[in-house]
Amino acid sequence: MVGVTVRRDAFLDQVKERGEYDTLHEAERAARVVLALLGAHLVGQVRARLAARLPEGFALILLNPLQSAEPLSPERFVRATAAWIEGATEQTAAWDVSAVLSTAADAAGDELLKEILLQLPAGYDLLFGRPQPT
């Protein structure tokens, strides 16, 4: 059980550092919203494999996502994030998305990230902080 706590703390510490948040609470709030939105865009084994690499609480959020009627473009994903985080602007939400998704990309590894990006509309590679050659 201790391993889960360490992984969770390490994940949140990385989000906190990348998002330049003052508290772990802010980092956790961003992680919860971004992963809930991301989960609505991923299906099947790709979503399950990413969840398996995330701390348990965040894995459950990814596996029980907010519903999305259609895949959101990267711009709309950022706007949706801003709508779910109290006091957020599109600029701060872009920062939140980048902090969380780049941390998730590290957890996923390159091969799984490629599969994740295949399920998402064009442009998400930038949100994950992993620009792909065109």
| Somewhere in segment 81-98, is a residue out of contact with any Pro (no Cβ under 7 Å at 6 or more places or on another chain), within 16 Å of Gln14 (Cα to Cα), surrounded by 16 or more Cβ atoms within 10 Å (Cβ to Cβ) and among the aliphatic types (A, V, I, L, M)? | yes
| task | Just one of (1) in contact (Cβ under 8 Å) with a residue 24 or more places away in the chain; (2) under 21 Å from Gln14 (Cα atoms) trips up Leu66, so point out which. | result | (2)
| message | From the list Leu50, Leu12, exactly one residue is hydrophobic (A, V, I, L, M, F, W, C), within 23 Å of Leu118 (Cα to Cα), surrounded by 18 or more Cβ atoms within 10 Å (Cβ to Cβ) and modelled with pLDDT of 95 or more. Which is it? | response | Leu50
| field | Qualifying positions in segment 6-38 - hydrophobic (A, V, I, L, M, F, W, C) and within 9 Å of the chain's Cα centre (by Cα) | value | Ala30, Ala31, Val33, Val34, Leu35, Ala36, Leu37, Leu38
| said: For segment 18-37, give me each residue that is among the basic types (Lys, Arg) and either within 18 Å of Arg7 (Cβ to Cβ) or surrounded by 23 or more Cβ atoms within 10 Å (Cβ to Cβ) (or both). | reply: Arg18, Arg32
| task | Can you run down the residue pairs with Cβ atoms below 7 Å, 6 or more apart or on separate chains, where the first is in segment 115-134 and in a helix (DSSP H, G or I) and the partner is surrounded by 14 or more Cβ atoms within 10 Å (Cβ to Cβ) and among the charged types (D, E, K, R)? | result | Leu117/Asp125
| Can you name the number of the only condition in (1) at pLDDT 95 or above; (2) touching a Lys or Arg at 6+ places or on another chain (Cβ under 9 Å) that Leu72 fails? | (1)
| task | Answer yes or no: is there a residue in segment 75-92 that is closer than 19 Å to Glu115 by Cβ, at pLDDT 95 or above and either charged (D, E, K, R) or touching a Leu at 6+ places or on another chain (Cβ under 7 Å) (or both). | result | yes
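The values are calculated or read from the model by the stated rules, or taken from the named source; none is laboratory data. It should be emphasised that the depicted structure is a prediction, and the values quoted were computed from it without experimental measurement. Counting neighbours? That spans all protein chains shown, and the Cβs are built from the backbone with ideal geometry, glycine included.
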